[in-house]
Amino acid sequence: MKTLIRNIGLIVSGDIAHPLLDGDSIVAVDGKIVAVGKGLDGDADTVIDAQGSAVIPGLLDSHCHPVFGDFTPRQRTIDFIDSGLHGGITTMISAGEVHLPGRPKDIVGLKALAVVAAKSYANARPAGVKVHAGAPILELGMVEEDFAEMARAGVKLVGEIGLGSVKTGKDAAPLVRWAKKHGMTVTIHTGGPSIAGSNAISGEVVLEADPDVVGHINGGTTAMSEREIDALVTTRMALEIVHCGNGKAALHALRRAQEAKATERIIIGLDAPSGTGVVPLGILRVLAHLVSLGGVAPEDAVCMATGNTARVYKLPVGVIEPGREADMCIVDAPIGSVGKTALEALRAGDLFGISMVLIDGQIKIGRSRNTPPAARAAEVVKGQGHAGGGH
């Protein structure tokens, strides 16, 4: 299966070290990118004319809370994953299946939940989106063999430390070491409690625990102090900024990361579904916030939501280069924006419009039903595509 996207006005690579690519066409074969360049042509099963608009990697949500199927008990909302696809999200990473009714908190039960969630979402791709689930919430009494057992069964994540009985750095540190030893990527909750039964986690606890990811460094929803944020920016941990957090703290964390030349460690997530709701355009809103108010270059912000996250979680997506999985969004300034391109729209504080999303080189949606309409919409000139979304 060969897909050609041509007449591209701008390509954002997803690699923050080299965010813009020189080229006007991309070729994908059997779900992977094989070429990026100028004037690429030739026979293809699907040919897409980007009409001069931009192509970016599919967005990665570094912080979601999935359950099973399309039913989200916290908000009684169905199809939130499909709605996220219409916000450009092609990969979602669980920070814990904490909203599952009756979530087991005993060690046998929490391991079982992690394994079944990981395996279920490995087998199911809702709306085509790649959901990496099975992120156990750690509880006191766990031993190294518990992590070895989960790892053997395919569990690669550890959910937000602090949402269970493990709430001090002293208690968390050995569990984090065991999880890392067995190949898991570890996230910790930070700031005030988010749900009943969870705990406030300070910067001091994070430093002692030493996870891979500082979960919602801008709060989920209540942020740590600026002093604590400053201390965490000086570490080597990934710094996660989320939509469902504190906007002022997000800009503070961004400024400190810029000063420390550590923007490659910023990743972006939703922290949803949550008490804040289901926010299909949340990643785009964070991009517009960081660019228009924080002064970050729009192409760098896109990389924070794509390649940065892929690197932290060791995923073969998030960057437009040969060998990567061909997950891409075709985007442009929305009709009526003062910006004339997708990146100019972000500078103005507008969300860009999505006219097409591809996963593994296959068109999953045409014009998004959730974003404002793109001024220039990609068109399928050969093969079959999806109809545009309605409102």
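The values are calculated or read from the model by the stated rules, or taken from the named source; none is laboratory data. Computed from a prediction, not measured in an experiment: that's the story for all the values here. With ideal geometry, Cβ positions are generated from the backbone for all residues, glycine too; neighbour counts draw on all protein chains shown. With ligands, DNA and RNA removed, areas are computed over all heavy atoms of the protein, side chains included. Shrake-Rupley method; radii C 1.70, N 1.55, O 1.52, S 1.80 Å.
I'm trying to understand the selection: among the residues of the stretch 262-275, which are assigned to a loop (DSSP other than H, G, I, E, B) and under 21 Å from Gly318 (Cα atoms)?
First, the residues of the stretch 262-275 that are assigned to a loop (DSSP other than H, G, I, E, B): 262, 270-271, 273, 275.
The answer is Ala262, Leu270, Asp271.
Against the condition among the hydroxyl-bearing types (Ser, Thr, Tyr), under 23 Å from the mean Cα position of the chain (by Cα), open to solvent by less than 30 Å² (accessible area, probe 1.4 Å) and within 16 Å of Tyr313 (Cα to Cα), how does Thr190 come out, does it pass? No. Across the stretch 219-248, the number of residues qualifying as farther than 16 Å from Pro193 by Cβ, open to solvent by less than 20 Å² (accessible area, probe 1.4 Å) and not charged (D, E, K, R) comes to 7.
Counting only strands (runs of 3 or more DSSP E) that sit completely within the stretch 1-117, those holding 2 or more residues that are more than 18 Å from the chain's Cα centre (by Cα) and surrounded by fewer than 24 Cβ atoms within 10 Å (Cβ to Cβ) correspond to 2-6, 25-29, 32-37, 46-49.
Kindly check whether there is at least one residue in the stretch 102-116 that is closer than 18 Å to Leu358 by Cα and touching a residue at least 12 places away in the same chain (Cβ under 8 Å).
So far as the stretch 102-116 goes, no, none of its residues is closer than 18 Å to Leu358 by Cα and touching a residue at least 12 places away in the same chain (Cβ under 8 Å).
For Lys364, indicate whether it is of a type in the set (D, E, K, R), open to solvent by 50 Å² or more (accessible area, probe 1.4 Å) and in contact with a Ser or Thr (Cβ under 9 Å, 6 or more places away or on another chain). Yes, satisfied. Scan the stretch 296-314 for residues that are out of contact with any strand residue (DSSP E or B) (no Cβ under 7 Å at 6 or more places or on another chain) and open to solvent by 10 Å² or more (accessible area, probe 1.4 Å) and the total you get is 4.
Please verify whether Ile330 is surrounded by 17 or more Cβ atoms within 10 Å (Cβ to Cβ) and part of a strand (DSSP E or B), treating the condition exactly as stated.
Working: surrounded by 17 or more Cβ atoms within 10 Å (Cβ to Cβ): yes; part of a strand (DSSP E or B): yes.
Answer is yes for this residue.
Among residues of the stretch 2-31 that are within 30 Å of Ala262 (Cβ to Cβ) and without any contact (Cβ under 8 Å) to a residue 40 or more places away in the chain, those with a beta-carbon under 6 Å from a residue that is assigned to a strand (DSSP E or B) and open to solvent by 30 Å² or more (accessible area, probe 1.4 Å) at least six positions away or on a different chain give the pairs Gly23/Val36. Among the residues of the stretch 195-214, is any within 30 Å of Ala345 (Cβ to Cβ) and either free of Cβ contacts under 8 Å to residues at least 60 places away in the same chain or buried (at least 17 other Cβ atoms within 10 Å of the Cβ) (or both)? Yes, because at least one residue in the stretch 195-214 is within 30 Å of Ala345 (Cβ to Cβ) and either free of Cβ contacts under 8 Å to residues at least 60 places away in the same chain or buried (at least 17 other Cβ atoms within 10 Å of the Cβ) (or both).
A single member of Asp82, Asp41, Asp24, Asp45 is within 29 Å of Glu160 (Cα to Cα) and among the charged types (D, E, K, R), and it is Asp82.
Can you tell me which residue among Thr371, Thr341 is out of contact with any Cys (no Cβ under 9 Å at 6 or more places or on another chain), open to solvent by 20 Å² or more (accessible area, probe 1.4 Å) and not charged (D, E, K, R)?
Details: Thr371 fails: open to solvent by 20 Å² or more (accessible area, probe 1.4 Å).
Answer to the selection: Thr341.
Return yes or no: is Val279 touching a residue at least 12 places away in the same chain (Cβ under 8 Å), under 25 Å from Cys329 (Cα atoms) and open to solvent by 10 Å² or more (accessible area, probe 1.4 Å)? Answer is yes for this residue.
Of the residues in the stretch 118-153, how many are at positive phi and in a helix (DSSP H, G or I)?
Filtering the stretch 118-153 for residues at positive phi gives 127-128, 134, 141.
Restricting the remaining residues to those that are in a helix (DSSP H, G or I) gives 127-128.
Count: 2.
Sub-6 Å Cβ pairs linking a first residue in the stretch 356-369 that is under 17 Å from Arg324 (Cβ atoms) to a second residue that is at pLDDT 95 or above and among the polar types (S, T, N, Q), at least 6 apart or interchain, are Ile359/Thr90; Gly361/Thr3, ordered by first then second residue.
Is it the case that the stretch 73-80 has a residue that's modelled with pLDDT under 95 and under 25 Å from Asn308 (Cα atoms)?
Going through the stretch 73-80, the residues modelled with pLDDT under 95 turn out to be 73-80.
Subsequent filtering for residues that are under 25 Å from Asn308 (Cα atoms) retains 80.
The answer is yes, given that some residue of the stretch 73-80 is modelled with pLDDT under 95 and under 25 Å from Asn308 (Cα atoms).
Checking the condition of a type in the set (Gly, Ala, Ser), modelled with pLDDT under 95 and out of contact with any Leu (no Cβ under 6 Å at 6 or more places or on another chain), which residue from Gly390, Gly366, Gly361 passes?
Going through Gly390, Gly366, Gly361 in turn, just one is of a type in the set (Gly, Ala, Ser), modelled with pLDDT under 95 and out of contact with any Leu (no Cβ under 6 Å at 6 or more places or on another chain): Gly390.
Regarding the stretch 127-144, can at least one residue be identified that is open to solvent by 40 Å² or more (accessible area, probe 1.4 Å) and under 19 Å from Gly275 (Cβ atoms)?
Going residue by residue through the stretch 127-144, those that are open to solvent by 40 Å² or more (accessible area, probe 1.4 Å) are 127, 132, 140-141, 143-144.
Cutting the leftovers down to under 19 Å from Gly275 (Cβ atoms) gives us none.
Checked the stretch 127-144: no residue is open to solvent by 40 Å² or more (accessible area, probe 1.4 Å) and under 19 Å from Gly275 (Cβ atoms).
Among the residues making up the stretch 252-267, those that are in contact with a strand residue (DSSP E or B) (Cβ under 9 Å, 6 or more places away or on another chain) and either open to solvent by less than 30 Å² (accessible area, probe 1.4 Å) or at pLDDT below 95 (or both) are Ala253, Leu254, Ala257, Ala262, Ile266, Ile267.
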